[in-house]
Structure formats: C-alpha cells, structure tokens
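Contents: one structure, followed by commentary.
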Amino acid sequence: MASHPNNKKILYGVLNWGLGHATRSYQLIEELNSKDNQVIIASSGIALSWLKDNFPENQFLELPNYQIEYPKSQTSSKKAFALKLLKQQGKIRRTINQEKKLCAKWVSEFEIDLVYSDHCLGFYSSKT
C-alpha cells in the first residue's frame, strides 16, 4: 500500500455521478483520517449524503452538481450515451470552471496542504 501523509490539511473532492466514486474513495479517506490528517470532503448530491453518513467526524463542503442526464433506455448503445454527453458539453465545462474557483477559494480559506480528487475535473491546485 502507498504511503500517505501525516498531520496535513487535505481537501478531497468526490464526483457525484452516483455512488461509485464515493464508495471507491471510502478506503482512502479512512486511511487519511487514521494518519491524523484533517480531511475536508467536498461533493454533492447522493455522494455527499453517503460520505456524511460514513464520515460524520469530517468537515464537508458542497460542490456544484454536474447534473448529467443519461439516455432514457437502459438498452441504449454506447453511441447514444456518447451523443448524450456531447450535448451536455457546455454544462460540463461550466461545472468544471465552478470547481476550479471553489477549489482555489477553499485552498486559500482553509490553508490546505494537499488536494485529492476522485474525478472532479476542475478540482486541483498548483498551490498544493
């Protein structure tokens, strides 16, 4: 297992496209918490709710929700899925830009040492 930092202030962004990213982040957040880090978790929607239930001792911030729409039919092709995402490109870009601004604000406001992200595309900082 990789070595994780100790005694750091960490901002951890988790994408809300269902619970996959939140559940995948569980073990890493648990490990970071066990190393005496202050982990501030940022997410939205059902992922944020799930993370709050599983990490009640952590601080939470709300990220904008991508609000991705999926094809109506469960038997839709990969092509239909790709076209549906392409049509939402503007909305996705706006959300990424909002994430960038919030991440920069929070890094400064909370004096963050490290930023972790599970697929929040705008969630990073050159200052950490």
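Remarks
- Computed P(r) (all Cα pairs; region 1-64; 5 Å bins; percent): 4, 20, 33, 24, 13, 6, 0
- Fraction of antiparallel bridges per DSSP, the chain only, in percent to nearest 5: 0
- Annotation for region 31-128: GluC sites (Glu not before Pro) lying in DSSP loop with at most 16 further Cβ atoms inside 10 Å of their Cβ are Glu57, Glu69, Glu111.
- Per-residue SASA entry for Thr75, accessible area with 1.4 Å probe, Å² rounded to 10: 120
- Cβ-placed point charges (K, R +1; D, E -1), dipole of the chain about Cα centre in debye, nearest 20: 920
- By the equivalent-ellipsoid construction on the alpha carbon gyration tensor, region 1-116 comes out with semi-axes of 30, 17, 12 Å, ordered largest to smallest.
- Leading residue at positive end of dipole, region 1-87 (Cβ point charges), from Ala42, Leu85, Leu61: Leu85
- Rounded to whole numbers, the Karplus 3J(HN,Hα) couplings from phi for region 15-32 are 5, 10, 10, x, 9, x, 5, 5, 5, 5, 7, 3, 5, 5, 4, 4, 5, 4 Hz, using 6.51 cos²θ - 1.76 cosθ + 1.60 with θ = phi - 60°, and x at Gly and Pro.
- Counting protein heavy atoms only, the chain has 50 percent of its accessible area on carbon and sulfur, 1.4 angstrom probe.
- Whole-Hz couplings from phi, Karplus 6.51/-1.76/1.60, listed for region 50-64; x for Gly and Pro: 5, 5, 4, 5, 8, 9, x, 7, 7, 8, 10, 10, 9, 8, x
- In this structure, the pairs whose alpha-carbon distance is over 31 Å, taken from Lys52/Lys100; Lys78/Lys105; Lys8/Lys101; Lys52/Lys127; Lys79/Lys105; Lys8/Lys52, are Lys78/Lys105; Lys79/Lys105.
- Pairs of alpha carbons in region 67-128 whose separation is greater than 17 Å (percent): 52
- Per residue, the chain exposes 61 Å² of solvent-accessible protein surface, assessed with a 1.4 angstrom probe and all protein chains in place.
- Candidates Ala47, Ala82, Ala22: whichever shows maximal mean-square fluctuation once the chain is modelled as a Gaussian network with Cα springs under 10 Å: Ala82
- Area of Leu114 that stays accessible when all protein chains are in place (1.4 Å probe, Å², to 10): 50
- Under 5 Å from the amide H of Leu61 lie the amide H atoms of Ile41, Ala42, Ser43, each residue being 5 or more positions distant or on a separate chain, with H modelled from the backbone and absent for Pro and chain starts.
- Length added when fully stretched, Phe60-Thr128, from 0.36 nm per residue minus Cα-Cα: 22.6 nm
- Approximate spin-label separation Ser3-Trp17, in nm, with each point projected 7 Å along Cα-to-Cβ: 3.4
The values are calculated or read from the model by the stated rules, or taken from the named source; none is laboratory data. Here the structure is a predicted model, which means the values were calculated and not measured. Don't worry about glycine lacking a Cβ; one is built from the backbone with ideal geometry, like all the others, and counts go over all protein chains shown. Side chains included, ligands, DNA and RNA excluded: accessible areas come from the protein's heavy atoms. Shrake-Rupley method; radii C 1.70, N 1.55, O 1.52, S 1.80 Å.
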